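Only the coordinates and a few stated rules stand behind these numbers; no lab work does. All of these numbers come straight from a predicted model, not from anything done at the bench. Here Cβ is always computed from backbone atoms with ideal geometry, including for glycine, and neighbour counts include all displayed protein chains.
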Amino acid sequence: MSNADLDVILSNGMVYDGSGGEPRNVDVGIRGDTIVAVGDLGHAACGQRIDVAGLAVSPGFVDLHTHSDFTLIVDGKAESQVHQGVTTEVIGQCGHSVAPLRHRDHGTSGASRYAAAEDRGWESFGEYLDTLEKNELGVNVAAFVGHGTIHHAVMGDDLRMPEPDEVDQMADLVRQSFEEGAAGFSTGLEYWPGSQSTPETIEPLCRVAAEFDRLYATHVRNRDRYYDLGFREAIATARAAGCRLQISHIQPKYGAPEFAMEHTLDMIELDQRHGLDVAFDIIPHDWNHTLVMAILPKWALEGGEKKIIERLKDKTTRERIKANQNPMWLIVRDRIWSEVRLLSSVENTDLIGETFEDIGRMRGVDPYDAVFDLLLEEAPGMHRLFWTSHSFRDADLRLCLGQRECAVISDTKALAPWGMLENEVGSLSGYGWTSEFLSKFVREDKTLSLAEGIRRMTSLPAQRIGLRDRGLIKEGYKADIAVFGPNTVSSTWTVKSPRSFAKGFEHVFVNGEQTLFRGERTRKNMGRVLRGPFG
């Protein structure tokens with residue numbers, strides 16, 4: 001071979017090809033954006049040879065569930081993801097996409113806190129992807145269209161059920177979004193306006209997903225007291241629509257009985273035996289995070305932020321909200337404030353990481369009132385306020401990981417500890433979800449082998465959304481590659497300091513270009529927008 005034949009050779013590494021099979025001590029040759037040779041390349045000529053002896057060579061990780069829809073517009077370099085081996089993100093989850101929109105002014109209002117993004121608008125899903133495509137991207141991006149956005153485009157903030165003709169309009173918008181490149185359809189049935197939906201109003205949209213053979217991903221209605229109703233609703237809707245189903249971050253939360261995870265897996269297994277294509281994923285730690293606004297009942301959310309502010313300033317209305325016996329988090333209903341911590345805030349950064357028990361004590365108020373006060377202080381932009389709680393169980397995570405169809409996700413945002421995103425937090429493990437999984441569940445607990453753990457973040461999620469040329473170290477596949485030390489990979493984030501890069505990642509390639517070299521970020525940002533259908 002001449003130098004022109006291969007651009008890069010990764011030599012002497014232990015290659016985990018993403019299939020879950022045994023690793024091999026072979027070389028990997030890259031030409032352009034593609035893996036063109038896997039084997040003994042010791043005598044091959046190339047432009048650059050990188051010795052990766054003692055390191056694992058893996059397909060780049062495919063994050064099946066993220067919320068980077070706006071952050072990638074603001075800063076597409078995806079530093080937090082690249083530094084931990086992620087090469088592809090799937091955005092638009094939990095019913096929250098940023099397109100399609102019926103009015104362009106609404107399209108930018110959600111990002112108004114980012115001054116540089118205010119002049120960037122879109123309406124259709126295709127226009128959003130076009131806008132994203134103009135950015136330098138550190139990762140590849142596939143985007144789902146969200147039910148919440150579709151619902152709002154048709155009905156605004158009306159607190160009522162959609163009429164049949166409005167459901168038809170929603171289905172048309174889903175169809176249009178698929179035609180313009182949406183990779184799947186998502187719902188967030190614990191969030192407004194998903195909480196206002198029923199299976200009868202979701203099924204027609206899922207039928208469109210079945211028509212286009214796109215994946216339906218759902219954040220189910222509840223995962224605590226009525227967990228079985230929530231999961232059964234998801235399964236029944238997918239069965240009736242004939243679509244493929246992905247249950248997002250499946251682990252039950254605080255308030256569910258101890259057998260809830262086992263029962264849920266039994267339900268899924270039964271439906272799989274009857275031909276339903278259903279799989280699921282987990283977040284690899286026991287922290288549960290969400291918008292603080294999500295705790296408000298539906299009636300308190302009607303009319304948007306202006307009306308919410310009026311309600312939260314009224315003492316009588318506050319007491320009515322406190323009396324709600326069915327909030328999204330039962331840990332709040334039970335007032336276990338010592339297990340609930342502030343995760344993200346722009347106006348009160350000094351309180352990040354503190355429990356609401358301590359925040360209430362510091363302010364001399366009931367912790368519930370501290371929640372309302374922080375929401376008011378964040379306005380405009382209440383959606384920036386996030387919190388986290390110890391609501392998951394490690395035993396449930398291990399039970400899920402025992403199932404071959406269980407993928408591992410971040411449920412976070414692509415961020416950077418500098419620039420316009422420096423104060424943003426998507427989740428506690430946003431800078432280290434892959435390292436958390438690989439160090440805790442693979443290396444330490446040995447819940448899975450390294451080969452199988454890698455499969456859960458590479459070929460499995462790639463196959464779920466239909467990527468035919470990513471997720472494996474294989475000739476002809478795109479050169480998305482992560483190289484790391486299996487014995488040194490680790491997380492560095494803490495509850496009070498979540499913006500801390502993972503350790504142990506040495507090299508990352510995206511479409512054949514090196515984005516991480518010996519642990520240092522390069523200036524290469526060669527990620528692509530991946531429009532469905534994929535090949």
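What dipole magnitude, in Debye to the nearest 20, does the chain give about its Cα centre under +1 on Lys/Arg Cβ and -1 on Asp/Glu Cβ?
Details: 59 positive and 79 negative charges, 123 e Å.
Taking the Cα centre of the chain as origin, the dipole is about 600 debye.
Report relative contact order for region 290-390 in percent, whole number only (criteria: Cα-Cα under 8 Å, sequence separation at least 6). Could you put the intermediate results ahead of the total?
On the way: 130 pairs, mean separation 35.0, N = 101.
After rounding, I find 35 percent.
Could you pull out every residue, at least 5 positions away or on a different chain, whose amide H is within less than 5 Å of the one on D281? Hs are placed 1.01 Å off N in the peptide plane, and Pro or chain starts have none.
For D281, the qualifying residues are I247, H249, I250, A407.
Would you mind checking the pairs K413/K478; K446/K474; K253/K478; K474/K524; K446/K478; K253/K474 and listing those with alpha carbons more than 28 angstrom apart? Could you put the intermediate results ahead of the total?
Values: K413/K478 24 Å; K446/K474 26 Å; K253/K478 38 Å; K474/K524 23 Å; K446/K478 30 Å; K253/K474 39 Å.
The answer is K253/K478; K446/K478; K253/K474.
How do W287, W433, W192 line up, fewest other C-beta atoms within 10 Å first? Working shown, then result.
On the way: W287 16, W433 31, W192 22.
Least crowded to most crowded, the residues run W287, W192, W433.
How much length is gained on full extension from E22 to A210, taking 0.36 nm per residue of separation minus their Cα-Cα distance? Walk me through the numbers before you get to the answer.
Working: separation 188, 0.36 × 188 = 67.68 nm, distance 3.51 nm.
Contour length minus Cα-Cα distance gives 64.2 nm.
In region 261-296, whose amide N lies under 16 Å from the spot 7 Å out along Cα-to-Cβ of A395? List them in ranges.
Residues 261-265, 286 fall inside that zone.
So how tilted is helix 260-273 from the main axis of the chain? Cα-based, degrees 0 to 90, rounded to 10.
It is inclined by approximately 60 degrees.
Would you work out the relative contact order for region 223-357, in percent, from Cα pairs under 8 angstrom that are 6 or more residues apart?
On the way: 121 pairs, mean separation 25.5, N = 135.
With pairs under 8 Å counted, the relative contact order is 19 percent.
Mind checking region 195-290 for GluC sites (Glu not before Pro) that DSSP puts in a loop (not H, G, I, E or B) and that have at most 11 other Cβ atoms within 10 Å? It would help to have the intermediate numbers written out before the result.
Working: sites: E200, E211, E233, E258, E262, E269; in loops: E258.
When the GluC sites (Glu not before Pro) of region 195-290 are filtered for loop state and at most 11 Cβ neighbours within 10 Å, E258 remain.
Go through (1) 26.7; (2) 31.8; (3) 22.6 and flag the label whose value is the computed mean projected area of the Cα convex hull in nm² for this structure.
Calculated mean projected area of the Cα convex hull in nm²: the matching label is (3).
For T290, which sequence-distant residues (separation of 5 or more, or a different chain) have an amide H within less than 5 Å of its own amide H, given hydrogens modelled in the peptide plane?
Under 5 Å from the amide H of T290 lie the amide H atoms of W387, each far enough along the sequence or on another chain.
Going by C-beta contacts inside 10 Å, put Y226, Y477, Y216 in order with the fewest on the left.
Values: Y226 15, Y477 23, Y216 28.
Least crowded to most crowded, the residues run Y226, Y477, Y216.
Return the distance in nm (one decimal) between the two label points of a simple spin-label model at T349 and K496, each offset 7 Å from Cα along Cα→Cβ.
That separation, rounded to one decimal, is 1.6 nm.
Let me check against my output: what whole-number percent is the relative contact order of the chain, with C-alpha pairs under 8 Å and at least 6 apart?
Numbers: 1273 pairs, mean separation 114.4, N = 535.
Dividing the mean separation by the residue count of the chain yields 21 percent.
Please order L530, L460 by the number of other Cβ within 10 Å, starting at the fewest. Numbers along the way, then the final one.
Details: L530 21, L460 24.
Lowest count first: L530, L460.
Using the Karplus curve 6.51 cos²θ - 1.76 cosθ + 1.60 with θ = phi - 60°, what ³J(HN,Hα) values do you get for each residue of region 205-215, in whole Hz, with x for Gly and Pro?
Karplus values, whole Hz, x for Gly and Pro: 6, 5, 5, 5, 4, 5, 4, 9, 6, 9, 6.
Can you classify region 327-420 as rounded, prolate or oblate using the Cα gyration tensor, where a ≥ b ≥ c are the square roots of its eigenvalues, rounded means a/c under 1.5, and otherwise it's prolate if a/b beats b/c and oblate if not? Could the numbers behind the result be given before it?
Values: a/c = 2.58, a/b = 1.44, b/c = 1.80.
Since a/c reaches 1.5 but b/c is at least a/b, the shape of region 327-420 is classed as oblate.
Can you give the net charge of the other residues whose Cβ lies under 13 Å from the Cβ of E302, counting K and R as +1 and D and E as -1?
With Lys, Arg at +1 and Asp, Glu at -1, the neighbours total +1.
Mind jotting down the distance between the C-alpha centroids of region 52-96 and region 10-33, whole Å?
So the separation of the two Cα centres works out to 20 Å.
Residue farthest toward the positive end of the dipole of region 414-535, with Cβ of Lys/Arg at +1 and Asp/Glu at -1: which of P486, V508, F441?
Checking the options against the dipole of region 414-535, the answer is V508.
Evaluate E = 1/(1 + (r/R0)^6) for M161 and E123, where r is the Cβ-Cβ distance and R0 equals 25 Å; express this FRET efficiency to the nearest 0.05.
0.45
Just to be sure I understand: of the beta bridges DSSP finds with both ends in the chain, what percent are antiparallel, rounded to 5?
Numbers: 36 of 69 bridges.
Of those bridges, close to 50 percent are antiparallel.
Taking only DSSP H segments of four or more residues, each worth -39500 (n - 2.57), what value at 222 nm results for the chain once the sum is divided by all its residues, to the nearest 500 deg cm²/dmol? Could you put the intermediate results ahead of the total?
On the way: 19 runs with 160 residues, N = 535.
Calculated from helices alone, the mean residue ellipticity at 222 nm is -8000 deg cm²/dmol.
Net charge near D394, counting Lys/Arg +1 and Asp/Glu -1 over other residues with Cβ under 11 Å of its Cβ? Kindly include the intermediate steps, with their values, before the conclusion.
On the way: positive: R393, R398, K440; negative: D286, D396, D445.
With Lys, Arg at +1 and Asp, Glu at -1, the neighbours total 0.
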